[in-house]
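For reference, the structure discussed in these notes is given below.
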Amino acid sequence: MKGRLVATAVMLLGLALAQAAGAETRRPHPSAPDLPLANGTGTAIYDVKEHRITGFFTHMYKKGTADTVTADLADRVDLEVCGVGGAPDSVGYLEGTGILREVRRRGDLEVETYRFMPLAGDPGRVLIMLVHLTNHAQHSQSAKIQADLLFNVGAGDQPDPHDQSDQVDHKWRGNSDEFMQISPNEVFEGSPASPHRLLYRGLNLSTTLPVGNCQGQDLRARFQGQLEIPPGRSAWAGVVIAHQEGGERSTLRRELQECLGQASPSQLLEREQAFWSRFHAVEPDLSHLTSDQQAVYRQGTAFLKMGQVREPGTPAHGQILASIKDKWARCWIRDASYAMVGLVHSGHTQEARDALEFVLGGRRDPRYLPMINQDLPEGRKLDDYLVSVCRYYGQGIEESDWNDHGPNIEYDGFGLFLWAFAEYAQALPEDSRQAFLDQHLDLVRNKVLTPLVRLVDPETGLVRPDSSIWEHHWTLPLEYDGRRHYAYTTITAANGLRRIAEVLEPAEARDCLRTADLLQRGLLRHLRNVDGSIASSLEDLRQEPRLPYDAATLEAVNWGLTSDPRVVERTIDRLRSATPGSPGVMRNDDGNWYDRQEWLLLDLRAVESWQRLGQTAKASALLDWVTAWSRANYNGIGELLDEKGDFQGPFPMCGFGPGAYILATEAFRPAPR
C-alpha cells in the first residue's frame, strides 16, 4: 500500500499547486476525435479531422466470442463535390438523431452532406451518404460529385482474437483475391475466401469503372455525376453501401432494395428524420429543462438507441454497449444498468426490455463460480448465478478482462440489475407487469436475488470482497488491485434489494428488506471516514484512514441509505476535479492518471446528490457544466474530462453518459400536482 499512499500524496500536491497557480477556467470546446453512425447492426466511424468515414464495423460489438473479432472493413470512404472541399463550415448530428450533417458554403453554392446508418424501414448493415446542393445564385450552376470508396474484404492477415490487451486492431486486410462485379450504377465486391460481401449503389451517380468483372487488391468502388442546378433550386445525389456475411449479389441486392424501396435521396433523409421524431414522441415533458439541456437529453436518448445491438433472433440482440465505438463497444452490466434505467425514465420501455432480456438470456463462463465460492463459507456458496461478473462478449457469453492480478469479479452488477429490473417492471401497466414477472421473476429470484443475499456477510453487514465498480481485479495481497469490501457494491446491493422488494409478494419482500437494512447498517457502521463521508472500502479505511475516498459512494445518498450532508460535501471537496474551474469530481484518490480525471458519470450522480440535500444552486451549476461540454462536443458525453478540458477515453458514452444524464435531469422535475 506504500506505493498507493505515495501516488495519492503526489496527486494531492499536484492539485494544490494547480489551485495555487490560479489556473484559468477551462472553456467548453470540441475534443471528440470521431463520431459514430450506428443502427444496431453495425457502426461506421466519421473522422472529425479528415471529414470522411474511416471505419465500417460488421457488428456493433468488438468481439462476438472469445475467438471472433468484429471486422472493420473501411479504409477511406469519400463523398465530395469537386471544388467544394476542405473543412466544413459546420458539422454535427441533426439534433436528437443519428444523422450526421456537414455544411459548406462556397460562393452561391451551399453543400449539405448527410451520413447515417438508417433505422427506418428495418434495414440491415447499410450506410447512406447523401449530398444536397442548393444554388443561391441568379444563374444555373454545374456541380461534379464523386465518391471514392476503399473497403477491404479479402482474406488477408486478420486480427488476433486472443489478444488480451483490449487494443486489438480490427482493420481487415485484404489480398489479391478480391473481385468486383460492375454495372452502370452498382458495384458488388467480395472474395472467395472471405465471408464479407459489399454492394455499392449510386443515387444519381454512375460508376466510373469499366462495366464487367475485375480482380485484385485494394479495389476501389468509384462513382461520379454531373448535376445542373437552376437558380434558386436544389439537387441531390449520393451513394449507399450495404454489407452481408456470405450470400450472393442477388440476395444482397434484394435486401438493399427492400431497404431503399423507390425512395429518392431526399425521401430517404425524410424517412429517417420521421423515424427519430416517432422515437422521441414517447419521451416525457422536458419543459423544466433549458433548451441546451433538452438538446443533450434528446441526443442522449438517440445515442442509447444507436448503442443498442439489433440482431433479432440471436443472443446478441438487445445488449447496450458502454460506448458505440472503440474498445468499449462491449456490454458491461454496470453501464447497461444505468442505461436501462435511463431508458425507462425517458419512456423507451421496449428498448429497456430488450436490454433486460439480453442479460436474462446470457451464458455464464464456468471459470468464475469456483473463484467466487472459494471465499464463501459452507451454506453460503453459490449454486449458480446469472449476471456477468464484468461484461459480455457480443453473443451473450460472460466475459471478464484479466491482467497479472487475475480477472475482474464484480458483485455490484447483481444489485444494479435488480434495480433496473424493478424500474422496468414498475413502469408497466399492472396487467403487463404481472405477465412480465410471471415470465422472468423465478429466474431473477434464483440466479440474481438468492446469490446476492448469499454474498452478504451476516457478521459485518457488507457484501463480501469483490473487484467492484473500478475493476481492481481479484488477486491478493492488496496493492492497487485486489478485491476488497467495497462500499459501492454494498450500496448497490442494498438499493437493488429494496427495489426488487417492491415487486415481490409481502413475505419475500420482507426478507429482502431485512437484508437491505442489514447492508445499510453495515455500511454506516463499518465504512465511515473520520470526517463522516463513506470510505471506498473497508481495507482502505483500515490501512489508510486519511485517504479512502471514492465518488461512487455518493450513490448512498442518491439511493436513500443516508441523508448525512457530509457524505456529499466531504467527498466532493476531497475529490475536486483538476480541470480548472470545474465544480465536478475525479473518481477516487487512488492516485493514477485514470483516477485523477474528472468522471462525467460521477458529476451527473453528484447532481442528484446535491439536489437531495437541497443544494439546488450547486446541482444546477454542475448540470450546466456537463451540459456545456456536451454541447461543445456534438451533444455527446465522454468518459473523462482531463486537466485541459479535453474528453478522454470512450466517446460518446451510453449508460455512463446519457443514462446518467437522464437521471440527473429527473432530479429537477417538478413534483406532480
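Odds and ends about this structure:
- The range 374-419 - residue that is exposed (fewer than 15 other Cβ atoms within 10 Å of the Cβ) and among the polar types (S, T, N, Q) and, of those, modelled with the highest pLDDT: GLN374
- Search result, residues across the range 100-132 that are among the acidic types (Asp, Glu) and either within 16 Å of VAL239 (Cα to Cα) or assigned to a strand (DSSP E or B) (or both): GLU102, GLU110, GLU112
- Residue among VAL91, VAL81, VAL69 that is closer than 27 Å to ALA295 by Cβ and in the same structural domain as GLY190 (by TED's automatic domain parsing): VAL91
- Residue in the range 61-70 that is acidic (Asp, Glu), farther than 25 Å from PRO658 by Cβ and either touching a Lys or Arg at 6+ places or on another chain (Cβ under 9 Å) or crowded, with 22+ Cβ neighbours inside 10 Å (or both) present: no
- Filter pass, PRO583 being more than 25 Å from LEU497 (Cβ to Cβ) and at pLDDT 95 or above: yes
Let's see how each residue does on (1) under 22 Å from ARG334 (Cβ atoms); (2) under 32 Å from the mean Cα position of the chain (by Cα); (3) among the small types (Gly, Ala, Ser):
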site	(1), (2), (3)
THR490	yes, yes, no
ALA493	yes, yes, yes
LEU497	yes, yes, no
ILE500	yes, yes, no
PRO506	no, no, no
ASP511	no, no, no
ASP517	no, no, no
ARG525	no, no, no
VAL530	no, no, no
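- The set of residues from the range 327-367 being surrounded by 21 or more Cβ atoms within 10 Å (Cβ to Cβ) and within 14 Å of LYS63 (Cα to Cα) comprises TRP328, ALA329, ARG330, CYS331, TRP332.
- If the condition is being in contact (Cβ under 8 Å) with a residue 60 or more places away in the chain, hydrophobic (A, V, I, L, M, F, W, C) and more than 22 Å from VAL567 (Cβ to Cβ), then the range 458-500 contributes TRP474, LEU478, ILE500.
- Hey, GLU430 closer than 17 Å to THR349 by Cβ and either among the β-branched types (Val, Ile, Thr) or at pLDDT below 95 (or both) or not: yes
- The criterion of at least 3 residues that are surrounded by fewer than 24 Cβ atoms within 10 Å (Cβ to Cβ) and of a type outside the set (Gly, Ala, Ser) is met by the following helices (runs of 4 or more DSSP H) wholly inside the range 513-589: 538-543, 565-574.
- Here is the figure for the range 307-322: residues that are crowded, with 24+ Cβ neighbours inside 10 Å and either outside any loop (DSSP other than H, G, I, E, B) or out of contact with any helix residue (DSSP H, G or I) (no Cβ under 9 Å at 6 or more places or on another chain) (or both) total 2.
- Residues satisfying the stated conditions in the range 199-214, i.e. surrounded by fewer than 22 Cβ atoms within 10 Å (Cβ to Cβ) and under 16 Å from GLU255 (Cα atoms): none
- Matching residues in the range 41-57 - criterion: being of a type in the set (Lys, Arg) and closer than 16 Å to ILE128 by Cβ: ARG52
- Qualifying residues in the range 126-159 (those that are modelled with pLDDT of 95 or more and charged (D, E, K, R)) - the one farthest from THR251 (Cα to Cα): LYS144
- Any hit, the range 251-274, residues being in contact with a Lys or Arg (Cβ under 7 Å, 6 or more places away or on another chain), surrounded by fewer than 17 Cβ atoms within 10 Å (Cβ to Cβ) and β-branched (Val, Ile, Thr): no
- Screening the candidates LYS618, LYS644 for the property of being under 30 Å from TYR480 (Cβ atoms), surrounded by fewer than 24 Cβ atoms within 10 Å (Cβ to Cβ) and touching a residue at least 24 places away in the same chain (Cβ under 8 Å) yields one hit, LYS644.
- One residue from THR97, THR25 being assigned to a loop (DSSP other than H, G, I, E, B) and at pLDDT 95 or above: THR97
- Sole residue being without any contact (Cβ under 8 Å) to a residue 40 or more places away in the chain and either in a helix (DSSP H, G or I) or basic (Lys, Arg) (or both), chosen from ARG278, ARG271: ARG278
- Inclusion of VAL84 among residues that are more than 14 Å from GLY238 (Cα to Cα), in contact (Cβ under 8 Å) with a residue 12 or more places away in the chain, of a type in the set (A, V, I, L, M) and not in a strand (DSSP E or B) is warranted.
- The set of residues in the range 499-523 that are within 27 Å of LEU604 (Cα to Cα) and out of contact with any strand residue (DSSP E or B) (no Cβ under 8 Å at 6 or more places or on another chain) comprises ARG499, ILE500, ALA501, GLU502, ALA516, ASP517, GLN520, ARG521.
- Given (1) touching a Phe, Trp or Tyr at 6+ places or on another chain (Cβ under 7 Å); (2) within 20 Å of VAL81 (Cα to Cα), number of the condition THR134 does not satisfy: (1)
- Filter result for THR450 (surrounded by fewer than 22 Cβ atoms within 10 Å (Cβ to Cβ), polar (S, T, N, Q) and not in a helix (DSSP H, G or I)): no
- Selection over the range 535-558 of residues that are in contact with a Pro (Cβ under 9 Å, 6 or more places away or on another chain) and of a type in the set (Val, Ile, Thr) gives a count of 1.
- Residues of the range 133-152 that are of a type in the set (S, T, N, Q) and either within 29 Å of ALA242 (Cα to Cα) or outside any strand (DSSP E or B) (or both): THR134, GLN138, SER140, GLN146, ASN152.
- Within the range 405-434, residues that are closer than 17 Å to ARG464 by Cα sit with their Cβ atoms under 7 Å from residues that are polar (S, T, N, Q) and surrounded by fewer than 24 Cβ atoms within 10 Å (Cβ to Cβ), at 6+ positions apart or across chains, in these pairs: PRO407/SER400; ASN408/SER400; ILE409/SER400.
- Which numbered condition MET340 fails, given (1) assigned to a loop (DSSP other than H, G, I, E, B); (2) aliphatic (A, V, I, L, M); (3) at pLDDT 95 or above: (1)
- There is at least one residue in the range 243-262 that is in the same structural domain as CYS82 (by TED's automatic domain parsing) and modelled with pLDDT of 95 or more.
- Residue among SER323, SER287 that alone is under 23 Å from ARG605 (Cα atoms) and without any contact (Cβ under 8 Å) to a residue 12 or more places away in the chain: SER287
- Residue check, ALA237 touching a Gly at 6+ places or on another chain (Cβ under 6 Å), of a type in the set (A, V, I, L, M, F, W, C), surrounded by 14 or more Cβ atoms within 10 Å (Cβ to Cβ) and part of a helix (DSSP H, G or I): no
The values are calculated or read from the model by the stated rules, or taken from the named source; none is laboratory data. Everything quoted here is computed from the prediction, not taken from an experiment. No Cβ is skipped: glycine too gets one built from the backbone with ideal geometry, and neighbour counts run over all protein chains shown.
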